[in-house]
Amino acid sequence: MIQNEAVLILDFGGQYSQLIARRVRDLNVYCEIKSYKTTAQQISATGYKGIILSGGPNSVYAENAPVGDKMAFELGIPVLGICYGAQLMAYSLGGVVSSSEVREYGKTPVEFDASGTLFQNIQEESVCWMSHTDHISEVPAGFRITASSDACPVAAMENDEKRLYAMQFHPEVEHTVYGKEILRNFLYNVCGCKGDWIMSSFAATTIQNIKDTIGDKKVICALSGGVDSSVAALMVHKAVGKNLTCIFVDHGMLRKNEGDDVERVFRKQFDMNLIRVNAQERFLSKLAGVVEPEHKRKIIGEEFIRVFEEEAKKIGQVDYLCQGTIYPDVVESGAGDAAVIKSHHNVGGLPKDVGFTGLIEPLRDLFKDEVRRVGLELGIPGPLVWRQPFPGPGLAIRIMRDITPEKLEILKDADAIFREEIVDAGLDKSINQYFAVLTNIKSVGVMGDGRTYDNTIALRGVTTSDFMTADWARIPYDLLEKISNRIINEVKCVNRIVYDITSKPPATIEWE
Ligand code: XMP
């Protein structure tokens, strides 16, 4: 635990566990997500101020339902159960959970008992987000009902004496009108949190810790230009200055002008020790003729490590490796193993056994939005901090089938036009990821008086909050028309533009 005060979120496999954590942190309280298997002994040894039990896909009566350690209710630490967590609390303490005929789903009016500890300063009736089939039908001894809806006699219950609280609805979901107030009441009034999780103090403390750890030893960092590695590197730079060397492997599959932009910001603006390796030819020769997406990812991931190691060796003795790992990458989840759709090799993922004394991961405890706030605090330019996600293998997975320098150039030019127009239209903040794809489809067209047989570019734009699911962005037709005309007129060898109108699922965001 990195803070004086922290709350624990026990993950029972719900889709919203990370969202609960982000809401808690937005209220300036540090929290950690751990598997429901965490024992009461481990919990009490860490000294959490409160525990939140997440939702989950199971019924408490299911054969393999996750139950966790019942003793957690006896620790004297306040507990808030949400959805499945609420049912589990009721069931574990002697209440009754029943199955309904119909699922209660979506925005639902809920009536609150104004004397409920968590419902102070909220209206007596308001809309909450429900998503459940089972519900609590009888509360355990010592509990009282504090909220109800049409389909749910116990929408919330509490045992104030034991500081145990439960709610069937989701306070973490934005549609729950008073969700934030309810969570605040739990964190501040029940758990007694003071709210010491603030990004400026996080940055200052972390930079000091890095300084103490590294001393006058040497550290290297793989810089990709993405927000995570940029913020991580800058924190280390602020701590140890020129004892940090950043290695920027330009694999040639970056977007138009991106390599130069990264170099300019970090070398000129921040005066960092930066080595840029122009390795496009090396990567392209390894990728020649390769068509299978996972194979492309593997080649790029491995080659990246090779180039990085070669450069690191040239520097001589290096003690630490800095990485931009963020919290969602390290969360221990309660859910079972999900199917691997894509390996998501991130080219920043370096092996940890290459002779370093230690690993420096300044962002290990942060969510993406927190990383961005730290980046802005440290003076990283807005466009870089707000950069849309870009996959480690870069444009290699946006060119269907094999990659050639000519195809790369076509895609870079088309993509640059698309991005420029989205920014000019002021849509860059509302569309979470947008890019062009070279489809490997050639089709017949007519230009001037002649027949053409040229490439098809697909445009993809999505709105999403977590990149696990996504909707296609409703880009105005007039803007699509303008982009299409510009690409056809300005990019050679393209005669057709299509717009991808599939959500995720069933499609994925990237095409490969
Ligand atoms: P998909 O295509 O799986 O993408 O819906 C979800 C998010 O992940 C990014 N992505 C990757 N990121 N290495 C990465 O670092 C990869 O191999 C990779 N593949 C997909 C994608 O851009 C989107 O933001």
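The values are calculated or read from the model by the stated rules, or taken from the named source; none is laboratory data. Everything numeric here is computed off the predicted structure, so don't read it as measured data. Please note: Cβ atoms are built from the backbone with ideal geometry, for glycine as well, and neighbour counts cover all protein chains shown. The accessibility values were calculated without ligands, DNA or RNA, using every heavy atom of the protein model including side chains. Shrake-Rupley method; radii C 1.70, N 1.55, O 1.52, S 1.80 Å.
Candidates are the residues of segment 70-87 that are over 27 Å from the mean Cα position of the chain (by Cα) and buried (at least 18 other Cβ atoms within 10 Å of the Cβ); the one that is nearest to ILE136 (Cα to Cα) is GLN87. When GLU138 is tested against the conditions (1) of a type in the set (D, E, K, R); (2) open to solvent by less than 50 Å² (accessible area, probe 1.4 Å); (3) in contact with a helix residue (DSSP H, G or I) (Cβ under 9 Å, 6 or more places away or on another chain), the lone failure is (2).
Quick one: would you say GLN3 is open to solvent by 10 Å² or more (accessible area, probe 1.4 Å), out of contact with any Cys (no Cβ under 7 Å at 6 or more places or on another chain) and modelled with pLDDT of 95 or more? Spell out how you get there, then give the answer.
Details: open to solvent by 10 Å² or more (accessible area, probe 1.4 Å): yes; out of contact with any Cys (no Cβ under 7 Å at 6 or more places or on another chain): yes; modelled with pLDDT of 95 or more: no.
Answer is no for this residue.
Is at least one residue of segment 469-478 open to solvent by less than 30 Å² (accessible area, probe 1.4 Å), in contact with a strand residue (DSSP E or B) (Cβ under 6 Å, 6 or more places away or on another chain), within 13 Å of the ligand (Cβ to nearest atom) and under 17 Å from PHE390 (Cα atoms)? I'd like the intermediate steps shown before the answer.
Step one: filter segment 469-478 for residues open to solvent by less than 30 Å² (accessible area, probe 1.4 Å), giving 470, 473, 475.
Retained after the next criterion (residues that are in contact with a strand residue (DSSP E or B) (Cβ under 6 Å, 6 or more places away or on another chain)): 470, 473, 475.
Checking the rest, the ones that are also within 13 Å of the ligand (Cβ to nearest atom) come to 470.
Within this subset, residues satisfying the condition of being under 17 Å from PHE390 (Cα atoms) are 470.
There is at least one residue in segment 469-478 that is open to solvent by less than 30 Å² (accessible area, probe 1.4 Å), in contact with a strand residue (DSSP E or B) (Cβ under 6 Å, 6 or more places away or on another chain), within 13 Å of the ligand (Cβ to nearest atom) and under 17 Å from PHE390 (Cα atoms).
Please indicate, with yes or no, whether at least one residue in segment 196-218 is assigned to a helix (DSSP H, G or I) and under 23 Å from GLU124 (Cα atoms). The answer is no, given that none of the residues of segment 196-218 is assigned to a helix (DSSP H, G or I) and under 23 Å from GLU124 (Cα atoms).
When segment 174-209 is examined, which residues are found to be β-branched (Val, Ile, Thr) and open to solvent by 10 Å² or more (accessible area, probe 1.4 Å)?
The answer is VAL177, VAL190, ILE198, THR205, THR206, ILE207.
Suppose the filter is closer than 22 Å to CYS83 by Cβ, surrounded by 22 or more Cβ atoms within 10 Å (Cβ to Cβ) and among the charged types (D, E, K, R); does ASP11 pass it? The answer is yes for ASP11.
Yes or no, residue by residue, for (1) open to solvent by 60 Å² or more (accessible area, probe 1.4 Å); (2) assigned to a helix (DSSP H, G or I); (3) in contact (Cβ under 8 Å) with a residue 24 or more places away in the chain:
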{"site": "SER230", "(1), (2), (3)": "no, yes, yes"}
{"site": "VAL236", "(1), (2), (3)": "no, yes, yes"}
{"site": "PHE248", "(1), (2), (3)": "no, no, yes"}
{"site": "GLY252", "(1), (2), (3)": "no, no, yes"}
{"site": "LYS256", "(1), (2), (3)": "yes, no, yes"}
{"site": "ASP261", "(1), (2), (3)": "yes, yes, yes"}
{"site": "VAL265", "(1), (2), (3)": "no, yes, yes"}
{"site": "LYS268", "(1), (2), (3)": "yes, yes, no"}
{"site": "LEU274", "(1), (2), (3)": "no, no, yes"}
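Given SER115, SER148, SER100, which one is open to solvent by 10 Å² or more (accessible area, probe 1.4 Å) and in contact with a Cys (Cβ under 9 Å, 6 or more places away or on another chain)?
Values: SER115 fails: in contact with a Cys (Cβ under 9 Å, 6 or more places away or on another chain); SER148 fails: in contact with a Cys (Cβ under 9 Å, 6 or more places away or on another chain).
Answer to the selection: SER100.
ASP466 - would you say it is of a type outside the set (A, V, I, L, M), in contact (Cβ under 8 Å) with a residue 60 or more places away in the chain, surrounded by fewer than 18 Cβ atoms within 10 Å (Cβ to Cβ) and within 16 Å of the ligand (Cβ to nearest atom)? Criteria met by ASP466. If you go through segment 370-417 and keep only what is within 15 Å of the ligand (Cβ to nearest atom), in contact with a strand residue (DSSP E or B) (Cβ under 8 Å, 6 or more places away or on another chain) and more than 17 Å from LEU223 (Cα to Cα), you end up with ARG398, ILE399, MET400, LEU411, ASP415.
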